[in-house]
Every structure is written in structure tokens, then in C-alpha cells.
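Scroll down for the structure; my scribbles are underneath it.
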Amino acid sequence: MEITNKYDLPEAIIRAISVYNYAPEEGRYSVTDLVNPPRMRLLKIRHWRELSVDASERLWALFGQACHKVLDMAAPPGSTVEGKLIVDFEGVRLVGKSDLYHQERVEDYKVTSVYSFLLEDGKTKKEWEEQLNVYAWLFSRLGKPVKELWVRAILRDWQNSKALQDMSYPRIPFQSVQVPLWPTPGQERYIRARLEAHRIENPQCSDEERWLRPSSWAVMKKNNQKAYRVFDNPWQAENLAKTDKAFVVVERKGSYNRCENYCPVRAVCSQAKGTKVVNLKERG
Ligand code: SF4
């Protein structure tokens, strides 16, 4: 995958980003590959040389990697830092790199947005839970038992002004969240199911994997920026709009956010090109 530099970023940044630009290999699965949509990995393998990504899209990932490096240097005595975990299982190689193993606890550092936490109501994202449970399984296969899983998150877009106004907003730009630890047979079942999914010949991504944002209909008062109310169907919005001449209905079109903005294979993915979000209105 070529790293382009449309915004003329400094050479050191481009070189640092290139260090983490690995081609996927058949028969070898990183934990991220395993958890991510099978179609994404398959298209990466098939089209690696045709793909490109601009360095500007990798800046936050680079920032996260820099944080990991510094935190590794300050790891508590006796911990295993960024240990590479390699387990051969059912004909493939599973490879993980957890951030910290200490006192039978696996800790994963994330540099992420406040939204990731608020959206999930203080819980962790489903894919983080899956990822950490695969790490736990890898550690236990390597003779290191795991009793707890933790996400330690630095919130890169945290704002002091919001913390002062909103009690549900994180107090500081940091959150620690314990992740449910599944029983070992459940972890193994999950890994088997993912490997099965990755073996399908032409896998399709689900709406959830494509990060579907459904369409919505906002009832706005003329000249107001903020919606008076937002509905997930046009009929309710239009009924409310009939009650006051000052109201107008504005459709906010849905999208597949990952396909449109984040997926590294979106340029070669026929599923992303061939579908659009079907609005309730169009379904009639
Ligand atoms: S572009 Fe969308 S549909 Fe295609 S692999 Fe990526 S997430 Fe899946």
C-alpha cells in the first residue's frame, strides 16, 4: 500500500508512518485482522499493491503509537510490555501485541475520542472487548493466566469547557474501563467463529461493520441552527412541522461511515461502491 503525501508533511512523519505499513499475509492473522471485517482483510491481500492511503489519514494512529512507546518505557517493574504473542491454531498463525501484562491483568492503551466513550454509555466498544479477550486467550495459551482486562484511554479531543457544563462528560482527558473477561471456552469459540468467517469466499460486510448511520429527519425552526426535534422517519417529522408555520423538515442523509471515510480498501471495494443507505422514505 502506497503512502501518499498530499499535504507535504515532513519526511520524518512519512517515514514513521511507513514503519507500520505491513502487508497482510495468508495464514497469518493479527488480532486486529481477526476482529475486523473479513472482506477488508481479503481485499487488502488481493489489492495491496494497488492501494494507497494519504499520510494525513494516519496521523492519529501515529500519535497513538508514539504514546505507546513512551508508556512502554515507564511500565511498572515485573510487567510484560508490548509482548509479541504468537500461537499456531487450527492451521493458521495468530499474532497479537498487547500493551501491558501485569499481575495477571492485560491493559490496552487507546488514544481515542470522547465520543467513543459517550456513544457507548461509558462501556467499551464491542471490538475492544473482542480484541482484549483474544489477547487474554493468547496469553493463557502461552502459560500466562489473565484475571482482568482494562482499556486505558487518553481522550484526544477532550474539552475543559464541556467538562464544566456537563456532568456526564469525562472529568479529565482520561478514562479507565474494565472490560468483561469471557470464560476461556467462549474466547476460543469466538476465535473459531472469526476464522470461519474469514474463510468465506466472498464475504460481505454487515451494516454494523460498515458503521451505518441511518437517515434522520430534523424539524428545524427557520433561522435556527439547532434542530427542534429529530426523528428516524419522515412522517413524524412532517406531522410535527404541520403544527407551526415556522417549522421546516430537513433530511439528514444516512451513510456508511467506515466505507466512506475510514476503510483502507474502500477504493477497490465493489460492495461500498454498489450500495447506498436506503431511506425509509424510499422504501415507501
Ligand atoms: S469499504 Fe465498506 S464494505 Fe468494503 S470492506 Fe470496507 S467496510 Fe466493508
Just rank T243, T4, fewest to most, by other beta-carbon atoms within 10 angstrom. T243, T4
Under 19 Å from K147, Cα to Cα: aspartates and glutamates that are on another chain or at least 8 residues apart: E82, D99, E104, E107, D108, E129, E130, E188
Using the crude model of +1 on Lys and Arg Cβ and -1 on Asp and Glu Cβ, and no other charge, please compute the dipole size for region 41-91 relative to its Cα centre, in debye to 20. 140
To the nearest 20 debye, what charge dipole does the chain have about its Cα centre, counting +1 at the Cβ of each Lys and Arg and -1 at the Cβ of each Asp and Glu? 740
For region 136-201, which GluC sites (Glu not before Pro) pass both filters: DSSP loop (anything but H, G, I, E, B) and at most 12 other C-beta atoms within 10 Å? E201
GNM on the chain, C-alpha springs below 10 Å: top fluctuator among F117, F231, F63? F231
Cross-link table K97/K144; K6/K110; K69/K162, entries beyond 24 Å C-alpha to C-alpha: K6/K110; K69/K162
Using a Debye calculation, one point per C-alpha and no hydration shell, please list log10 I(q)/I(0) for the chain at q = 0.07, 0.11, 0.13, 0.15 Å⁻¹ in order. -0.34, -0.83, -1.10, -1.35
Total charge dipole magnitude, region 212-283, about the Cα centre, Cβ charges on Lys, Arg, Asp, Glu only, Debye to nearest 20: 120
Could you name the lysines in cross-link range of K222, using Cα to Cα under 19 Å and dropping any fewer than eight places away on the same chain? K242, K245
Residue-averaged 222 nm ellipticity for the chain, from DSSP H runs of 4+ at -39500 (n - 2.57), nearest 500: -10000 deg cm²/dmol
Taking 0.36 nm per residue of separation and subtracting the Cα-Cα distance, what length does fully extending R189 through R28 add? 56.1 nm
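Each value in this text was obtained by applying a stated rule to the coordinates, not by laboratory testing. Just so it is clear, the model here is predicted, and its values are computed rather than measured. Every residue, glycine as well, gets a Cβ built from its backbone with ideal geometry; the counts of neighbours run over all protein chains shown.
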